[in-house]
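Trainee: I have a structure I would like to understand better, so I am pasting it below and will then ask my questions one at a time.
The values are calculated or read from the model by the stated rules, or taken from the named source; none is laboratory data. Note that the structure is a prediction, hence the values are computed from the model and not measured. Please note: Cβ atoms are built from the backbone with ideal geometry, for glycine as well, and neighbour counts cover all protein chains shown.
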């Protein structure tokens, strides 16, 4: 029987009520194949149903419910209880047209059947939007990582340890990761299965999940893990992340162009430009400077690019200026190592971290070159200097109190004062262009330096003081947000997350 014929048969059975259920009466006689139970979760105006076809491991699920979002869910859920690492894969297809664009067909991991349960899902919406959604604690807010691909043919959700990720495939494609992952801890056993939410409590929507596969343990061949990098954007108002670009290998440190249309990052010693909407990155010509590290950024007028390159002077990092469209580098710092971090708002001065006589401190230097000025003298590392938008202050991170914290000083180095004092190690403060916010990277207390491949947070703090909020929890660190990464309108932030996966 062809897939369309099977789906039509399922639809007829549902319309006759043969497999209908309510939350009070479960159809225990319905075969469920890979799964052990099904039920409505939350308040559902139209009870859900499921039909199973063992040939292609297909499930036709009818689900009602107002939404799967905020602090509470309403859907129909076909499930089994599982433990450990798990992946769930299926082809997903909606039946019928004209439903709510936000209706959801999802591969779902839930802690419980409670509507406020912690959960993670890989979801295809009615309009084709494909994303990872998650609620990390019962009754907490729902967050999202949007894919840059719509309406895939096949989709997978994968839980490895405490991290969840998604892979997709279009027609005639193999499954591939779409980038973006998040940390969520489930207590064993948890529920794994298929869900449908109508996003309209007065109706029921139907989706077919076919060629369904469940795998326990880590998928893929054994071997050394492979690094994946994902360039993401997060609006500070919603904290719903969106994937812009994903690649195998290591990319780092995104800058946002002054016109808001492009992102710049470094990879394997080169600087690349990528449209904010996604696409293929193109290298920026930097002449002999082919060992650029992750300390680079644009001038206030957007015409020049400061880079930190290690191709000269025995591999010591030196700061150069190149035209933003590419060209021959012009050397600024005479001594190395020097690592660029900030550009004064008037475009006349650079701020950077440099090692001199075994001490790392904050320095400034005229853009045209000349004598450098040392601004910090405290023992230990002072790093990551960046000017406030009005040019009055420089923010930086310092380990002088025993843990790495965010500090602020006047642009001449006077009046050095702490901004944060918490249980984390905080790095790379970036003031927003409108001067209202500071974003920074936080490691756990026991982590020294700013290494790669760690559990980290992006935190957002009001410039005038107050409690910080978490923009994102991710696997990252070195390369995530080393340089200024704000959009020109101060509404979004770009960063890089990482994932270690099977080869």
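Trainee: Looking at segment 173-266, what strands (runs of 3 or more DSSP E) fall wholly within it and have at least 1 residues that are touching a helix residue (DSSP H, G or I) at 6+ places or on another chain (Cβ under 6 Å)? Break it down into steps so the answer makes sense when it comes.
Mentor: Working: elements: 190-197, 205-216, 226-235, 241-248, 252-256.
Per the criteria, 205-216.
Trainee: Consider residue 390 carefully, then state whether it is surrounded by fewer than 19 Cβ atoms within 10 Å (Cβ to Cβ), over 26 Å from the mean Cα position of the chain (by Cα) and at pLDDT 95 or above. Even if it seems obvious, please write down each step before you answer.
Mentor: Numbers: surrounded by fewer than 19 Cβ atoms within 10 Å (Cβ to Cβ): yes; over 26 Å from the mean Cα position of the chain (by Cα): yes; at pLDDT 95 or above: yes.
Taking the combined requirement at face value, the residue satisfies it.
Trainee: Might you check whether a residue that is modelled with pLDDT of 95 or more, under 20 Å from the mean Cα position of the chain (by Cα), part of a strand (DSSP E or B) and crowded, with 21+ Cβ neighbours inside 10 Å occurs anywhere in segment 112-120? Steps first, answer last, please.
Mentor: Restricting attention to segment 112-120, the residues satisfying the condition of being modelled with pLDDT of 95 or more are 112-120.
Going one step further and asking which of them are under 20 Å from the mean Cα position of the chain (by Cα), we end up with 118-120.
So of that shortlist, the ones also part of a strand (DSSP E or B) come out as 119-120.
Checking the rest, the ones that are also crowded, with 21+ Cβ neighbours inside 10 Å come to 119-120.
Yes, because at least one residue in segment 112-120 is modelled with pLDDT of 95 or more, under 20 Å from the mean Cα position of the chain (by Cα), part of a strand (DSSP E or B) and crowded, with 21+ Cβ neighbours inside 10 Å.
Trainee: Now, a different point. Can you name the residue in segment 40-69 that is surrounded by fewer than 17 Cβ atoms within 10 Å (Cβ to Cβ) and at pLDDT 95 or above and, of all such residues, is nearest to residue 100 (Cα to Cα)?
Mentor: Keep residues of segment 40-69 that are surrounded by fewer than 17 Cβ atoms within 10 Å (Cβ to Cβ), which gives 43, 45, 54-56.
Among the residues that remain, those that are also at pLDDT 95 or above are: 43, 45.
Details: 43: 18, 45: 15 Å.
If we take residues in segment 40-69 being surrounded by fewer than 17 Cβ atoms within 10 Å (Cβ to Cβ) and at pLDDT 95 or above, then 45 is nearest to residue 100 (Cα to Cα).
Trainee: Restricting to segment 272-306, count the residues that are buried (at least 16 other Cβ atoms within 10 Å of the Cβ), within 21 Å of the chain's Cα centre (by Cα) and part of a strand (DSSP E or B).
Mentor: Going through segment 272-306 one residue at a time, the tally reaches 3.
Trainee: Just checking, how many residues over segment 166-180 are at pLDDT below 95 and buried (at least 23 other Cβ atoms within 10 Å of the Cβ)?
Mentor: So the answer is 3.
Trainee: Please verify whether residue 383 is at pLDDT 95 or above, surrounded by fewer than 19 Cβ atoms within 10 Å (Cβ to Cβ), within 25 Å of residue 299 (Cβ to Cβ) and within 33 Å of the chain's Cα centre (by Cα), treating the condition exactly as stated.
Mentor: Details: at pLDDT 95 or above: yes; surrounded by fewer than 19 Cβ atoms within 10 Å (Cβ to Cβ): no; within 25 Å of residue 299 (Cβ to Cβ): yes; within 33 Å of the chain's Cα centre (by Cα): yes.
Criteria not met by residue 383.
Trainee: Oh, and also: Only one of 383, 390 is farther than 21 Å from residue 450 by Cα and touching a residue at least 24 places away in the same chain (Cβ under 8 Å). Can you tell me which? Break it down stepwise before answering.
Mentor: Working: 383 fails: farther than 21 Å from residue 450 by Cα.
Every option except 390 fails the conditions.
Trainee: Residues that are touching a residue at least 12 places away in the same chain (Cβ under 8 Å), surrounded by 24 or more Cβ atoms within 10 Å (Cβ to Cβ) and within 16 Å of residue 113 (Cα to Cα): does segment 196-205 have at least one?
Mentor: Yes, some residue in segment 196-205 is touching a residue at least 12 places away in the same chain (Cβ under 8 Å), surrounded by 24 or more Cβ atoms within 10 Å (Cβ to Cβ) and within 16 Å of residue 113 (Cα to Cα).
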